[in-house]
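Have a look at the structure below before the remarks.
The values are calculated or read from the model by the stated rules, or taken from the named source; none is laboratory data. These figures come from a predicted structure and were not determined experimentally. Glycine gets a Cβ as well: all are built from the backbone with ideal geometry, and neighbour counts include every protein chain shown.
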Amino acid sequence: MKTYLIYFSPGGSTKKTLRNIAKGLINTEIVEIDMMKQENRQKKFEFGQNDLVLLGMMTATKLFGVPSQVIGALKGNNTPFVGVVTCGNGYYGSSLKVMKKGMEKRGFTMIAGGGFIGKYSFGRGIAENRPDQKDEAIQLKFGEAIHKKLFIGNNRTLHSKIGIDWPKEGSFSTIKCAIISMIPGLGMKLPASWNKLNFDSSCIKCDKCVNTCPVGALSLKDNVVQDQTKCIGCQACVNGCPKQSITIASNKLIKSVENVAQYRSKRKEPKLFI
Ligand SMILES: Cc1cc2nc3c(=O)[nH]c(=O)nc-3n(C[C@H](O)[C@H](O)[C@H](O)COP(=O)(O)O)c2cc1C
């Protein structure tokens, strides 16, 4: 039996979360598949009923990025899976439910799931060091519970109902979350005009942003060039730039981030389903 950690994690907190959970799984070989890499999303990965898949994705109320490509690359054969979604101290909306449905169509059975908090992709001091030590302890225990349930008890039934993580504090977030959650489809995207980036002259042309972009939206000619229609706004380039040369250019996106950021200061804890 092998355990696969499969993630789409532009800022790294989803990947960390999966690795922390996996520490609770004893006596299983761990294999990682990074779905930030386009070539991995173009492959077909097939799993047996004795494998375990831990799938981790970041959210923007729904699954964010290219979830249909990620899930579409996976094929289970009654394969147990653990769904992991992360959000930036806000709400993961319907994403875990949507992931469950999408994975079940691909031959997987959800045996556990969790909505976790990761460092906010847009900074502003929100969820700055998360997952932190407290999260790590919770994630390790969650991994141990999965180990006990599946590896010791051979129990594949999900006993908890996966709900929608819903805002209560402000009408703007509540309505936004409700609307986005109700729109059919696996994932959610920002309008292309919101993805415009500025590249300033401190750029050292190191190529890191070009290589980390999950959709090939950046190329290096004399300077870094962005294809705004390809860009999904995941902030991997902004957060990974060693010189902080890349910034958001869209005032609409900046305003939207400022707007939601005012509701994000109170620490949220993970929600677990097993
Ligand atoms: C375009 C975009 C929209 C986001 N929307 C939300 C949101 O609605 N609520 C929230 O809590 N976090 C939101 N986030 C933050 C991420 O879900 C969060 O920071 C996550 O931990 C990032 O995972 P990563 O570090 O693996 O990339 C958003 C991030 C991006 C890039």
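Output yes when any residue across region 125-146 is farther than 24 Å from R19 by Cα, in contact (Cβ under 8 Å) with a residue 12 or more places away in the chain and among the charged types (D, E, K, R), and no when none is.
Initially, region 125-146 is screened for residues farther than 24 Å from R19 by Cα, giving none.
No, region 125-146 has no match at all.
For the subset of region 77-121 comprising residues that are away from the ligand (no atom under 16 Å from the Cβ) and part of a loop (DSSP other than H, G, I, E, B), which member is farthest from Q49 (Cα to Cα)?
Once the filter is applied, the top-ranked residue is R106.
Which is assigned to a strand (DSSP E or B) and either within 12 Å of the ligand (Cβ to nearest atom) or out of contact with any Pro (no Cβ under 8 Å at 6 or more places or on another chain) (or both), of N211, N198?
Answer to the selection: N198.
Starting from residues that are surrounded by fewer than 18 Cβ atoms within 10 Å (Cβ to Cβ) and in contact with a helix residue (DSSP H, G or I) (Cβ under 7 Å, 6 or more places away or on another chain), keep the ones in region 216-226 and report whichever is modelled with the lowest pLDDT.
L220
Out of curiosity, is K205 within 16 Å of the ligand (Cβ to nearest atom) and free of Cβ contacts under 8 Å to residues at least 24 places away in the same chain? Break it down stepwise before answering.
Numbers: within 16 Å of the ligand (Cβ to nearest atom): no; free of Cβ contacts under 8 Å to residues at least 24 places away in the same chain: yes.
Taking the combined requirement at face value, the residue does not satisfy it.
Which one of these does P67 not meet: (1) modelled with pLDDT of 95 or more; (2) in contact with a helix residue (DSSP H, G or I) (Cβ under 9 Å, 6 or more places away or on another chain); (3) over 20 Å from P184 (Cα atoms)?
For P67, the failing item is (3).
Confirm whether T59 is within 14 Å of the ligand (Cβ to nearest atom), in a strand (DSSP E or B) and in contact with a Phe, Trp or Tyr (Cβ under 9 Å, 6 or more places away or on another chain).
For T59, the condition - within 14 Å of the ligand (Cβ to nearest atom), in a strand (DSSP E or B) and in contact with a Phe, Trp or Tyr (Cβ under 9 Å, 6 or more places away or on another chain) - is met.
Does region 7-14 contain any residue that is hydrophobic (A, V, I, L, M, F, W, C), touching a His at 6+ places or on another chain (Cβ under 6 Å) and either within 15 Å of V82 (Cα to Cα) or more than 10 Å from the ligand (Cβ to nearest atom) (or both)?
Taking every residue of region 7-14 in turn, none turns out to be hydrophobic (A, V, I, L, M, F, W, C), touching a His at 6+ places or on another chain (Cβ under 6 Å) and either within 15 Å of V82 (Cα to Cα) or more than 10 Å from the ligand (Cβ to nearest atom) (or both).
Select from region 227-255 the residues that are under 25 Å from P131 (Cβ atoms) and either out of contact with any Leu (no Cβ under 9 Å at 6 or more places or on another chain) or surrounded by fewer than 12 Cβ atoms within 10 Å (Cβ to Cβ) (or both) and list them in ascending order.
Of region 227-255, the ones under 25 Å from P131 (Cβ atoms) are 232-242, 244, 246, 248.
The answer is C234, Q235, A236, N239, G240, C241, P242, Q244.
If you scan region 147-165, which residues turn out to be closer than 19 Å to K2 by Cβ and in contact (Cβ under 8 Å) with a residue 12 or more places away in the chain?
H147, K149, L150, F151, R156
For T59, only one of the following conditions fails: (1) under 17 Å from Y4 (Cβ atoms); (2) surrounded by 16 or more Cβ atoms within 10 Å (Cβ to Cβ); (3) not charged (D, E, K, R). What is its number?
(1)
If S181 satisfies all but one of (1) in a loop (DSSP other than H, G, I, E, B); (2) within 19 Å of the chain's Cα centre (by Cα); (3) under 27 Å from G90 (Cβ atoms), what's the number of the condition it fails?
All conditions are met except number (1).
Looking only at region 62-76, which residues are out of contact with any Gly (no Cβ under 7 Å at 6 or more places or on another chain) and not in a loop (DSSP other than H, G, I, E, B)?
Q69, V70, G72, L74
For region 234-255, which residues satisfy the criterion of being part of a helix (DSSP H, G or I) and under 20 Å from the mean Cα position of the chain (by Cα)?
Result: A236, C237, V238, N239, G240, L253.
Could you list all residues from region 15-47 that are away from the ligand (no atom under 12 Å from the Cβ), assigned to a loop (DSSP other than H, G, I, E, B) and aliphatic (A, V, I, L, M)?
L25, I26
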